[in-house]
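Data block below; observations after.
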Amino acid sequence: MQERFDTGLVRSELDPERPRLIETPWGAMALFVEGDTLHCLQAFCPHLEGPLFQGSVSRGAVTCPWHYWRYELRTGQRVGPLGIPMPGFERLKRCEVEVGAAERIVLRAPIA
Ligand code: FES
């Protein structure tokens, strides 16, 4: 499996208000901006494939626009309305994000 992927994007191209859908060697992923931190999570919801990249982001979590399941950006864990983890649900696939020279965004292979 490929270990790294250069997205071709630079940090300043990302909009904190709008997650960015990207195709990667590991499938469709979404980049989220949370303050100075970038998160990369699978782009489609494990519930019924809702578009998480069109979800709303608040308090460190993204809410799926279809049935409002919430996922913590940092871990991909499903959380309740108050941000409390909900064990027993599969975590979202996520990649570590590196911002390299000239703000270039590079992803590492997904964390199992
Ligand atoms: S498809 Fe995301 S909550 Fe149902």
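Values quoted throughout were computed directly from the atomic coordinates according to the rules given, and no laboratory measurement underlies them. What you are looking at is a predicted structure, and each value in this text was computed from that prediction instead of being measured. Don't worry about glycine lacking a Cβ; one is built from the backbone with ideal geometry, like all the others, and counts go over all protein chains shown.
Annotations for the structure displayed:
- Proportion of all alpha-carbon pairs of the chain beyond 17 Å (%): 49 percent
- Positive-pole candidate from 50, 28, 2, dipole of the chain, charges at beta carbon: 50
- Residue 13-residue 82 FRET efficiency (beta carbon distance; Förster radius 35 Å; 0.05 resolution): 0.60
- Positive minus negative residues near residue 51 (Lys, Arg vs Asp, Glu; Cβ under 13 Å): +1
- The relative contact order of the chain comes to 26 percent, based on Cα pairs under 8 Å that sit 6 or more residues apart.
- A Cβ-based charge dipole, computed about the Cα centre of the chain with Lys and Arg at +1 and Asp and Glu at -1, lands at about 300 debye.
- Computed packing ranks the peptides 1-13, 89-101 as 89-101, 1-13, most packed first, by mean other Cβ atoms within 10 Å.
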